[in-house]
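Structure first, commentary second.
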Amino acid sequence: MPRSWTRLSGPARLLLVCLAAVGGSSLVASGIQSGWGKVVVREIAIPTENGQWVVADLFRPRTATAEAPAPFIVVVPGFQRSKESLANIALELARRGFVAASIDPYAQGSSSASLSRRAATTEGYGMFALVEYAAGTPNLNYIDRTRIGATGHSAGGNAAIRGANYFGRRALETGEPSKLHSVFVSGYVLTLTDEVLGDVRSNVGMSYAFYDEGAYRNERGDGDMRVAPEALRLVNSGLAGAADPVERVEEVELGREYGSIEDRTYRIVHNERILHPFQPYMVEATANQIAYFQRVFDHPSELSPRDQVWHWKELMGLIALVASLVALVPMGQLLLRVRVFQPLVHPVPAPLPAPSGNGKALFWGLFTLGALVACFTYIPMAELSQRLFVAASTRQLTWFFPQRMNNAVMLWAILNGTFGFVLFYLAYRFHGRTRGVSPEMWGARIGWDELVRTLGLAGILFAFYYGLLALVYWFFHVDYRFLFMGVRPFQPELLVLLAMYVPFFFVFFLSNSLRVAGAMRFEGESEGRSMFVAALGNSVGLLLIVVVQYATFAATGTVYWTDGWLYVNLLFGVVPMMFVLPYFHRYFFRMTGRIYLGPVVMCLVLIMILITNTVIYIPL
């Protein structure tokens, strides 16, 4: 090992390892995304109606030229998703010679909000405008304007079929073919009605998860597309519009081709056995989309539809995500050696006496009570948020807490953070102080000077985290992402929202840090076990919601929380955050001997992650 390496301090070595992991994995992810130079990936922004704009990642294979134009496909993510969340579909299409554009839906990612409160229905989340642009501009001379398609998942699937309806009506008015040659609808069947399908003049493929949590809203209340009225209407709408109409079908044969591609009455239905949020990340579902567009656009490829590489990009994104967060710890350790921040370093207080007898029973009793309160208050807080924040809940543009989903999590965090403080105090008041526990063991003392320095150091760590991501995005055009969990690049205009939400979320973060340091450190207990118990305590309540939801679904075919099923799905991203949070709180506590730096840093970072990954109904 080089002497220069051994001379480095432990934090410096760890930081370099983290930076190397972030850079190396991002480089590989970028290579996979660009087909190792065979596909050019660029971000584009297009002005649209009413002063709005839509942002997209454009995937252009180098084989697509003015002399050999390729089919063009718009990829539309669903509710709570950004363009990066369906980059797997776009990159697989681009590998096969399609030009693809994955958009940030209106009010999500970097696209503007919309004046329409039903943007997926009336504007295709911005897809309509992009199709209009692609069909009419000479700039994209490497696309075949007669072969334009769209695909989307969940609300993005609704946007796709609504686009087929919109451009179908325009085609009927003008007597010209629809600008949307073909669409693929994934994870959404509620608008497969006679009213919508009647004007469709495009080929339509459809894919629906057999175990879709939202299937209770379907006409039969389940996800079986063989006899679903929605799937039957889709297939029969094509058969009725064919040049030589045939007899209506009474049961859909999954994977069978119906109708005619030339007449644009082609229909095909798939029904993968998967849950709704994981459908876009299933090899079979992705292969079905690829095969559909190859078929309708007569655009074969030497690659099999199942020859997919997107999962390797997801793995690289996970490595970058983990390494970037871990890097906060050694970076903090190094900054604490700087003179201005040295006063923040104190000896770590003595651990609490190990509980025994009644003390152990009290500890696990409070642990269980906290988990149950976290579980039973989440959905009520989601429902309360809809009454307190009416504008955001009804998709109206507003500066007053404009994030519909985060508002629910915020109320839950305030309630559970406050309850955590109450439990902590009662445990100390009636048990701890009579058994050798003193406030000095909590690391809660702080003066104004230290508070200012703490805030300054946290701000630098926040800037370091998002500055590193900005460099990664600039060089490689990838962010930190694994499936639907992702860290998007910093958007300065969202600082006002950060200032709005952080004070309320901080109640929970500080409460958690106090409990991790002042109620879960015991004499003779290993740090590993202690931190794991804290992580479990912070996440098991929300995890229990997921267990109840899907255990009920498995037993009855209907999820336990129906109206709130989207809020439960949100937990797939929130629970991992809750699990790792106590680890960071403990590490920062060990670095400073105080409970404050960890929650300030992690609140800034994690809440910005939440803010940039959810719908934002801010005024244009």
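Quick note: the coordinates plus some simple rules give every number you see, no bench work behind them. Note that the coordinates shown come from a computational prediction; the quantities given were computed from them, not determined experimentally. Positions of Cβ are generated from backbone atoms using ideal geometry, with glycine treated the same way; all protein chains shown enter the neighbour counts.
Side notes on the structure shown:
- Lysine pairs in the chain whose alpha-carbon atoms fall under 30 angstrom of each other, counting only those eight or more residues apart or on distinct chains, come to 5.
- For S114, distant residues with modelled amide H under 5 Å away: A107
- Distant-in-sequence amide contacts of V185, defined by a placed amide H-H separation under 5 Å and a gap of 5 or more residues or a different chain, comprise G205, M206, S207.
- Environment charge of R529, counting only residues whose C-beta is closer than 15 Å and scoring Lys/Arg +1, Asp/Glu -1: 0
- Estimated translational D of the range 264-319 in µm²/s (Stokes, Kirkwood radius over Cα pairs; 4 °C; 1.567 mPa s): 101 µm²/s
- Across all directions, the shadow cast by the convex hull of the range 1-116 built on its C-alpha atoms averages 11.0 square nanometres.
- Sorting the segments 346-354, 520-528 by their mean number of nearby beta carbons within 10 angstrom, highest to lowest, gives 346-354, 520-528.
- Principal-axis tilt of helix 495-518 within the chain, Cα atoms, nearest 10 degrees: 50 degrees
- Dipole of the chain computed with +1 at Lys/Arg Cβ and -1 at Asp/Glu Cβ about the Cα centre; of H346, L372, I148, farthest Cα towards the positive end is H346.
- Share of pairwise Cα separations in the range 1-69, more than 13 Å, in percent: 77 percent
- Taking a ≥ b ≥ c as the square roots of the eigenvalues of the Cα gyration tensor, an a/c ratio of 1.5 or more together with a/b no larger than b/c marks the range 516-620 as oblate.
- 5 Å-binned pair-distance histogram of the range 356-451 (Cα, whole percent): 2, 11, 16, 14, 13, 12, 12, 10, 6, 3, 1, 0
- Only Cα sites of the range 96-155 enter the Debye sum here, all with the same form factor; the resulting log10 I(q)/I(0) across q = 0.26, 0.29 1/Å is -1.16, -1.29, listed in q order.
- Taking the chain and dividing mean pair separation by its residue count, relative contact order in percent (alpha carbons under 8 Å, at least six apart): 15 percent
- Seen against the Cα atoms of the chain and their longest principal axis, helix 597-611 is set at about 10 degrees.
- Length-normalised contact order of the range 32-302 in % [C-alpha pairs under 8 Å, at least 6 apart]: 14 percent
- Rounded FRET efficiency, nearest 0.05, which uses the C-beta distance separating L16 from W312 and R0 of 35 Å: 0.90
- Debye intensity ratio I(q)/I(0), log10, the range 273-378, q values 0.21, 0.22 Å⁻¹ (C-alpha model): -1.09, -1.12
- Cα long-axis angle, helix 565-592 against the chain (0 to 90 degrees, to the nearest 10): 30 degrees
- Per DSSP, loop GluC sites (Glu not before Pro) in the range 1-110 with at most 13 further Cβ within 10 Å: E67
- In sequence order, calculated HN-Hα J values of the range 301-310 (Karplus, 6.51, -1.76, 1.60; Hz; x Gly/Pro): 9, 6, 7, 5, x, 8, 7, 10, 10, 4
- Debye log10 I(q)/I(0) at q = 0.17, 0.19 Å⁻¹ for the range 62-198, Cα point scatterers: -0.88, -1.09
- In the range 335-611 the Cα-Cα distances spread across 5 Å bins starting at 0 as 1, 5, 11, 15, 17, 16, 14, 10, 6, 3, 1, 0, 0 percent of all pairs.
- Rounded to the nearest 20, the size of the Cβ-charge dipole of the chain about its Cα centre is 2520 debye, with Lys and Arg at +1 and Asp and Glu at -1.
- Remark on R201: its backbone amide H falls under 5 Å from those of G168, a criterion applied only to residues 5 or more positions apart or on other chains, H modelled at 1.01 Å from N.
- Relative contact order for the range 335-611, counting Cα pairs under 8 Å that sit 6 or more residues apart, in percent: 30 percent
- Range of Cα positions in the range 32-302 per principal axis (Å), largest first: 46, 40, 37
- Beta bridges per DSSP with both ends in the chain, % antiparallel, nearest 5: 40 percent
- Over the range 317-361, the Kirkwood radius and the radius of gyration, each from Cα atoms, give a ratio Rg/Rh of 1.26.
- Phi-derived couplings, Karplus 6.51 cos²θ - 1.76 cosθ + 1.60 at θ = phi - 60°, listed residue by residue for the range 182-192: 8, 9, 10, 10, 10, x, 7, 10, 5, 9, 7 Hz, with x used for Gly and Pro.
- Cα centroid separation, the range 303-360 to the range 370-419 (Å): 27 Å
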